[in-house]
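Colleague: The structure follows.
The values are calculated or read from the model by the stated rules, or taken from the named source; none is laboratory data. Keep in mind it's a predicted model, so treat the numbers as computed, not measured. Neighbour counts run over all protein chains shown; Cβ positions are idealised from the backbone, glycine included.
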Amino acid sequence: MMTAAYLRDAAMTAVIFGFFGSGWFGWAQDAPPAGWSRRLAAGSILSLAVAATGGIVAWQHWSDGTIFGPDTSRAFGIVVGIEFGVAGLGALLLALRHHRDLIPAWVAFVVGVHLFPVAVILQYPMLHVAAALVTVVSLVAVPVARSRAVAVSFVTGLATGVVLLAAAVYSLVSALTWA
C-alpha cells in the first residue's frame, strides 16, 4: 500500500508538496523558454489550490491522529535541518565558485535524497517514489538543459514541480477517499 499511515498526514503532505511544487514552478520561471510562462504560472496556481484543499482536509481531521510523536518529530526535524544546511552550504559554495546556474539542480538533489529518510520516518511509501523521481530530475537536469540550450532552473523547476504536484494530488486524493 502506498498511502500514509494517517489521513491527516496524507492531507498535510498535499499541503507541503503543493506549496513547494508551486515554488519549483516559480523557480522554473527564472529563465523559461518563450511561451512557457503561462504554463508555469498555471502549475504554480494548481499546486497552491491542491495545497489549500489539503489544508482544509487536514484542519477538518486534525484530531484524527498523526504519525508525529516526540520521536518522529525529533527525527523529522533532524532530517529537515540537515537538508536545509546541506542545501544552503552547497548553494553558497556553487555561488562562490560562479556556478549559480547549478544551484537548482543541487537543491533538487538534496530535496530528493532527504525524502528517502522522510518516507521511512513518516511510514509513507509513496514518498520513496517522489524521492527517486526528484533525485533523478536533479541528476539529469544539467545535461538535459545544456542539450536543449535552456536554463537549468527551467528544467529542474518544471520537472520537480510536476513531481511534487503529482505527489500532492496523490496525497490529496488519498485523504479525500480515506476508507
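Colleague: Of A141, A52, which residue is in contact with a Pro (Cβ under 8 Å, 6 or more places away or on another chain) and at pLDDT 95 or above? Spell out how you get there, then give the answer.
Modeller: Working: A52 fails: in contact with a Pro (Cβ under 8 Å, 6 or more places away or on another chain).
Just a single option satisfies the conditions, and that option is A141.
Colleague: While we're looking at this one, here's another question. Take the conditions assigned to a helix (DSSP H, G or I) and within 24 Å of R39 (Cα to Cα) and apply them to A145. Does it pass? Talk me through it step by step, then tell me what you get.
Modeller: Values: assigned to a helix (DSSP H, G or I): yes; within 24 Å of R39 (Cα to Cα): yes.
Yes, satisfied.
Colleague: Output the qualifying pairs, or none if there are none: Cβ atoms under 7 angstrom, residues six or more apart or on different chains, first residue in the range 21-32 and surrounded by fewer than 17 Cβ atoms within 10 Å (Cβ to Cβ), second residue assigned to a loop (DSSP other than H, G, I, E, B).
Modeller: Pairs found: D30/A151; A31/A151.
Colleague: Turning to a different aspect of this structure: Inside the range 40-54, can you point out the residues that are touching a Phe, Trp or Tyr at 6+ places or on another chain (Cβ under 9 Å) and not hydrophobic (A, V, I, L, M, F, W, C)?
Modeller: Across the range 40-54, the qualifying residues are G43, S44, S47, G54.
Colleague: Tell me whether the range 55-70 contains one or more residues that are surrounded by 13 or more Cβ atoms within 10 Å (Cβ to Cβ), of a type in the set (G, A, S) and touching a residue at least 40 places away in the same chain (Cβ under 8 Å).
Modeller: Looking for residues that are surrounded by 13 or more Cβ atoms within 10 Å (Cβ to Cβ), of a type in the set (G, A, S) and touching a residue at least 40 places away in the same chain (Cβ under 8 Å), one finds at least one in the range 55-70, hence yes.
Colleague: With respect to the numbered conditions (1) within 17 Å of the chain's Cα centre (by Cα); (2) on the phi > 0 side of the Ramachandran plot, which one is the sole condition not fulfilled by E83?
Modeller: (2)
Colleague: Quick check on F76: is it loosely packed, with under 14 Cβ neighbours inside 10 Å, modelled with pLDDT of 95 or more and either over 24 Å from S37 (Cβ atoms) or β-branched (V, I, T) (or both)?
Modeller: So F76 fails the test.
Colleague: What's the total number of residues in the range 11-40 that are of a type in the set (A, V, I, L, M) and within 16 Å of V163 (Cα to Cα)? Walk me through how you get there before you give the answer.
Modeller: Initially, the range 11-40 is screened for residues of a type in the set (A, V, I, L, M), giving 11-12, 14-16, 28, 31, 34, 40.
If we keep only those that are within 16 Å of V163 (Cα to Cα) too, we end up with 14-16, 28, 40.
Of the residues in that region, 5 qualify.
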